[in-house]
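Visitor: Got a structure for you, written out below as structure tokens; questions coming shortly.
The values are calculated or read from the model by the stated rules, or taken from the named source; none is laboratory data. Bear in mind the structure is a predicted one, so any value in this text is a computation, not a measurement. For neighbour counting, all protein chains shown are included, and Cβ atoms are generated from backbone atoms with ideal geometry for every residue, glycine included.
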């Protein structure tokens, strides 16, 4: 019996493989460090010149408020980030990397560059662009309710 290839199954396979690769990175020895933690550290590291808040993390990674809150609390407990009040509104807490978080960011950045190179190995620039365009459209379709 031949199994039909589906977009949903392929996305799930890609997601699982990405998680495995990220979890096997050079910084896997940090207790409780997951692929999502690494991605958030990477995002914060790349935007150190901006004020980043929990809401930004929720939107960037398409995660719910409660999920983001739990992840960020664990990251704070593991001394990867600190939450700092903002002058214009003490209720707002911007997210910043600690020294340990910056070191993790540097290691994670190297890992991501290596993984990205492996992912696009053998693909042309045009094929990568087509894939990204299609993936964005599929993501939008997934967000839309029928």
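Visitor: For segment 118-134, which residues satisfy the criterion of being modelled with pLDDT of 95 or more and assigned to a helix (DSSP H, G or I)?
Guide: Initial filter on segment 118-134 (modelled with pLDDT of 95 or more): 120-134.
Listed by number, the residues that qualify are 125, 126, 127, 128, 129, 130, 131, 132, 133, 134.
Visitor: Would you pick out the residues in segment 99-137 that are surrounded by 13 or more Cβ atoms within 10 Å (Cβ to Cβ) and over 22 Å from residue 35 (Cα atoms)?
Guide: 128, 131
Visitor: Return the pairs, sorted by first residue and then second, in which the second residue is part of a loop (DSSP other than H, G, I, E, B) and at pLDDT 95 or above, the first residue lies in segment 115-139 and is more than 23 Å from residue 19 (Cβ to Cβ), the beta carbons are less than 9 Å apart, and the residues are 6+ apart or on different chains.
Guide: Partner pairs satisfying both residue conditions: 127/120.
Visitor: Right, next: Among the residues of segment 65-95, write down those that are without any contact (Cβ under 8 Å) to a residue 40 or more places away in the chain, closer than 26 Å to residue 115 by Cβ and assigned to a loop (DSSP other than H, G, I, E, B).
Guide: Listed by number, the list holds a single entry, 79.
Visitor: Still on this model: Identify, from the list 52, 57, the residue that is in a loop (DSSP other than H, G, I, E, B), modelled with pLDDT of 90 or more, touching a strand residue (DSSP E or B) at 6+ places or on another chain (Cβ under 9 Å) and surrounded by 14 or more Cβ atoms within 10 Å (Cβ to Cβ). Spell out the reasoning first.
Guide: Working: 57 fails: in a loop (DSSP other than H, G, I, E, B).
52 is the lone residue from the list that is in a loop (DSSP other than H, G, I, E, B), modelled with pLDDT of 90 or more, touching a strand residue (DSSP E or B) at 6+ places or on another chain (Cβ under 9 Å) and surrounded by 14 or more Cβ atoms within 10 Å (Cβ to Cβ).
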